[in-house]
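Inspection log for the structure reproduced underneath, given as C-alpha cells.
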Amino acid sequence: MEIKEKRRRTSNRGLLAVLGAVVVAVSLTSGAAAAEPKSIGPVPKSGYDGPVPGGFAAWGDLLAMQQKLNRAAEQIAAANGDGFAGIIAAPENRELRVYWKGATEGKVSALVAKLNRTVPVKVLPAAYSLKELSAESARLIKQAGVKSVAPKADGSGLSVGVDRSIRAQTLNSSVPIEQTDAAPAPAASRENDSPPYWGGARWRSPDGGCSTGFAVWHGGTTKMLSAGHCGKNGQTAHDGGGDFMGYIEHDDDPWDTLLINTSSAGRIYDGGVGVNEFSKPVDHAAANWVGNYICVSGSYSGVTCNNVVDEINVTIGIPYTVYGQVRAHQVDHHAAVGNGDSGGPAFDLVPDWSRVIAKGTLTAIDLHAEKPCNGVPTGGNRRCSSVFFFADISKTLPRLGASIVTG
C-alpha cells in the first residue's frame, strides 16, 4: 500500500458559475480536521443506488449495456456524415437510436450493418442535421436573455434556456425551439490533497476555490485538468491546505478548461467529504451521449450518482459564452453540484464499479433547480442544484493535445 501523509484543512472560497449572473466567489470556511494519510487500498464498491432502471438485474448489467452502446455511438459519430443529427444511448432502450437527416451515406450504412451484428442500432429520420442546429445555436446564444442552447438529440430542433423575464417572448429562429427556464452559474478531500494530485480535491487560485478534475498527459508530463473560470494563465494554484501546486496554463474560457502544471496521478476521490472518503483509478476517457448515467465528484459536495445526461453540445452563458457543454440532472431531484465543485470530475463506472471512466469537468449549475447542499458546508452562502453542466472530456483532450492518465 502506498501512503502519502497529508493534513486535512478546509479552505477559503468556493467559485460558483451561475447562468445569467456574474461569476461569484463565495466565502466557505470551517474548522480544521484531524490528520489522516492519503492511501491507495482496496476499492469500496460504491456507486449507483436504488432500483435499477429498465428491468436490468443489477447496475453492473445496465452499465455494461451503456458502454456497449457508447462504443457503437463513437464509431457512428466519427464517420462525420453530413446528415448526422444526434444519438440517444439510453441503456434502458437496449438499442442505439441514431437520428439522421436524409439518406445515410454508403459508408455509414455499412457501419450500421456491421454494428448491428453485436449491438442493436436503429436509424431514425431527423428534420435537421447537427451542423444546421449548431449554426442556429451559435446565433441564438447571442440574443438577450438566452442562457443556454442545445440541439435536440432527435434532430427536431433546439432546447433553449431563457431568463424567466423573457419567458413569454417569442424568439426568432429558423428551427423549432422549446423554451425552458434557465439560470446557469459556474459551480464552482478532497480538502487537502498532496502530490501526485488526484481528481475531486480542493484547490484555489487568486480568483477562488474549485475542484481538481483529471490528470492528463500534456507536453510529456502530467498536469491537472480543471475549469477555466477558476483562474487565469500565470496565476498560482494551491491545494486545500495552502501548499503550492504549480502555475495555471492553457486557460480556455470559451470551453471552460485550464491546466495546472503539477504532478498528478490517474485516480479520483470517491465517497463523501472527510467521511467515507476513498479513491478509484481512472480506466479511460469516453464521450457523452444523451441517456447515459453518470456520477460527479466535487471537493465540497462529494460524490453523487444517479445522474442522467439530457443534452450534449450545449452552449451556455455564465455570462460569457461557453461551448461544448453537457447538461445532466439528478434523477431523485437531490443536489448534485454546488459552490466549489467547479472543475471536479464527471465520470462513469465500469460494470463492477472498481474503476472510473472520465467524462468531463464541472462548469455550472442551474439555479432554477436549486436544492439543499450536500457535503460541507451545508449552510451560509453555498448554493447547489440538481441540474448541472460540464465540459465534455472527448472535446477537451483533443483540443489540448492531451491524453488521460490512467491509474
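Bear in mind these aren't lab numbers, they're just calculated from the coordinates by the rules spelled out. Note that this is a predicted model, so its numbers are computed, not measured. Please note: Cβ atoms are built from the backbone with ideal geometry, for glycine as well, and neighbour counts cover all protein chains shown.
Simple point charges give the picture: +1 on the Cβ of Lys and Arg, -1 on the Cβ of Asp and Glu, and for the range 245-287 a dipole about the Cα centre of about 300 debye. Sequentially through the range 117-131, phi angles give Karplus couplings (6.51, -1.76, 1.60; θ = phi - 60°) of 6, 10, 8, x, 10, 10, 9, 10, x, 10, 7, 9, 7, 4, 4 Hz, Gly and Pro residues having no value and appearing as x. Of the beta bridges in the range 54-125, as assigned by DSSP with both residues counted there, near 45 percent are antiparallel. Residues whose amide H falls under 5 Å from that of residue 180, counting only those 5 or more places apart or on a different chain, are 160, 161, 162, with hydrogens built in the peptide plane.
Ranking 115, 83, 65 by how far each Cα lies toward the positive end of the dipole of the range 54-125 (charges on Cβ) leaves 115 at the top. Taking only Cα atoms of the range 54-125, what ratio of Rg to Rh do you get with Rh as the Kirkwood inverse-distance radius? Checking Rg against Rh, the ratio lands at 1.00.
Rounded to the nearest 5, what is the percent of antiparallel bridges among the DSSP beta bridges in the range 61-176? Intermediate results must be reported in sequence, preceding the final value.
Values: 9 of 14 bridges.
Taking every DSSP beta bridge with both residues in the range 61-176, the antiparallel ones total about 65 percent.
Taking 0.36 nm per residue of sequence separation and removing the Cα-Cα distance, the residue 103/residue 124 pair yields an extension gain of 6.5 nm.
In percent, what relative contact order does the range 290-407 have, based on Cα pairs under 8 Å that are 6 or more apart in sequence? Show your work: numbers first, answer last.
Working: 281 pairs, mean separation 30.0, N = 118.
Reported relative contact order: 25 percent.
The range 58-113 and the range 315-387 have Cα centres spaced 26 Å apart.
With the contact rule set at Cα under 8 Å and sequence spacing of 6 or more, what percent relative contact order holds for the range 251-325? All intermediate terms of the calculation are to be shown ahead of the outcome.
Values: 100 pairs, mean separation 19.9, N = 75.
Over the range 251-325, the number comes to 27 percent.
Each peptide in 258-264, 88-94, 339-345 receives the mean, over its residues, of other Cβ atoms within 10 Å, and ordering these scores from highest gives 339-345, 258-264, 88-94.
Using R₀ = 41 Å, calculate the FRET efficiency as 1/(1 + (r/R₀)^6) where r is the Cβ-Cβ separation of residue 233 and residue 139; round to 0.05. Kindly include the intermediate steps, with their values, before the conclusion.
Numbers: r = 30 Å, r/R0 = 0.73.
Rounded to the nearest 0.05, the efficiency is 0.85.
Judged by the mean number of other Cβ atoms found within 10 Å, the most tightly packed of the peptides 171-178, 292-299 leads the ranking 292-299, 171-178. Taking θ as phi - 60° and the Karplus parameters 6.51, -1.76 and 1.60, the scalar couplings of the range 296-303 work out to 9, 9, x, 6, 9, 8, x, 8 Hz in sequence order, x denoting glycine and proline. Hey, which of these cross-link pairs are over 26 Å Cα-Cα: 142/223; 142/232; 107/131; 68/114; 152/280? Flagged as over cut-off: 142/223; 152/280.
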